[in-house]
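The values are calculated or read from the model by the stated rules, or taken from the named source; none is laboratory data. Computed from a predicted structure; not experimentally measured. All Cβ positions, even for glycine, are placed from backbone atoms using ideal geometry, and neighbour counts span all protein chains on display.
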Amino acid sequence: MTRALVGIAVAVVVTWLILVAALAIGRPRGGLLKEALRLLPDLLRLLSRLAADRDLPRGVRVRLALLLGYLALPIDLIPDFIPILGYADDAILVVIVLRGTVRRAGLPAVRRHWPGTDDGFAALLRLTGVR
């Protein structure tokens, strides 16, 4: 019984480390992470609008809904009380999902639902790597 519990604990820790490493690899480079954190409120509104758009492919909407569910949960990969890093994991996940959304749904759909300014949309393009 004790071995099983230790095995489960080790598996959970290893999985957490892999997820944190994936966040580190997928994070925006340079000053883009700061932009992602600054844009987070607009990005969240964009995600909810895109998730509700019936014209988008079902896979895109499901990924967006799962991301919104994760963001709503009080449990994070990196707890929010840790300065900077606590909110950075949310921003990184949003950027990773948005990259896939822009590729699958297309830039016009994202532009149509963007709630922020033109400067914010330009920052979104930089974050997602769209030219």
- Sort through 120, 86 and tell me the only one that's small (Gly, Ala, Ser) and either over 23 Å from residue 14 (Cα atoms) or surrounded by 16 or more Cβ atoms within 10 Å (Cβ to Cβ) (or both). 120
- Query: So how many residues does region 87-115 have that are among the small types (Gly, Ala, Ser) and either closer than 17 Å to residue 69 by Cα or touching a residue at least 60 places away in the same chain (Cβ under 8 Å) (or both)?
  - Reply: 2
- Sort out which residues of region 91-131 are outside any loop (DSSP other than H, G, I, E, B), touching a Phe, Trp or Tyr at 6+ places or on another chain (Cβ under 9 Å) and not aliphatic (A, V, I, L, M), and write them in order of number. 111, 120, 121
- For region 41-48, state whether one or more residues are in a helix (DSSP H, G or I), without any contact (Cβ under 8 Å) to a residue 24 or more places away in the chain and of a type in the set (D, E, K, R). no
- Message: Being polar (S, T, N, Q), under 13 Å from the mean Cα position of the chain (by Cα) and modelled with pLDDT under 80: is that true of residue 101 here?
- Response: no
- Check 31, 26, 86, 69 and return the single one that is modelled with pLDDT of 85 or more and either within 21 Å of residue 127 (Cβ to Cβ) or not β-branched (Val, Ile, Thr) (or both). 69
- Out of (1) surrounded by fewer than 12 Cβ atoms within 10 Å (Cβ to Cβ); (2) in contact (Cβ under 8 Å) with a residue 60 or more places away in the chain, what's the single condition that is false for residue 58? (2)
- Take region 62-113 and flag every residue that is under 19 Å from residue 39 (Cα atoms) and among the charged types (D, E, K, R). 80, 89, 90, 99, 111, 112
